[in-house]
1. On the phi > 0 side of the Ramachandran plot and either touching a Phe, Trp or Tyr at 6+ places or on another chain (Cβ under 6 Å) or surrounded by 16 or more Cβ atoms within 10 Å (Cβ to Cβ) (or both): which single residue out of Gly39, Gly35, Gly57 fits that description?
2. Need pairs with beta-carbon distance below 7 Å; first residue farther than 20 Å from Lys38 by Cβ and within the stretch 58-86, second of a type in the set (A, V, I, L, M) and outside any strand (DSSP E or B); sequence gap 6+ or separate chains.
3. Residues that are of a type in the set (Gly, Ala, Ser) and either farther than 22 Å from Lys78 by Cβ or within 13 Å of the chain's Cα centre (by Cα) (or both): list the strands (runs of 3 or more DSSP E) wholly contained in the stretch 1-66 that include at least 2 such residues.
4. For Asp18, state whether it is among the acidic types (Asp, Glu) and touching a residue at least 12 places away in the same chain (Cβ under 8 Å).
5. What tally of residues in the stretch 2-31 results from selecting those that are loosely packed, with under 10 Cβ neighbours inside 10 Å and among the small types (Gly, Ala, Ser)?
Amino acid sequence: MIYTITFNPALDYIVRLDHLTPGTINRTEQEYVLGGGKGINVSIVLNNLGMNTTALGFIAGFTGDEIVRQLNNLVYVKALFASRKV
């Protein structure tokens, strides 16, 4: 078992465009919201390699709930985060 800790977890917002035209309204084709942070990223890679890992850290609010939800969907990752409801 490998333990990772993320002191500053965040949600990464990724968008895809067919093309970018400066000075105009650009519409996205796809959008992704992915949990991230150094320890979380390491836990995701270890999961992809089939290794058990526990992700630790501090979370709050919607961002924290979404990060834990995403990590709990992974097979080999157990999420243990101290949370504070705001």
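1. It is Gly57.
2. Pairs that qualify, where the first residue is farther than 20 Å from Lys38 by Cβ and the partner is of a type in the set (A, V, I, L, M) and outside any strand (DSSP E or B), are Gly61/Val86.
3. Filter on the stretch 1-66 gives 30-36, 53-60.
4. Here the answer is no, as Asp18 does not meet what is asked.
5. Going through the stretch 2-31 one residue at a time, the tally reaches 1.
Each reported figure results from applying straightforward, stated rules to the coordinates on display, with no laboratory input. These numbers were taken from a predicted model, which means no experiment stands behind them. Cβ: placed from backbone, ideal geometry, glycine included. Neighbour counts: every protein chain shown.
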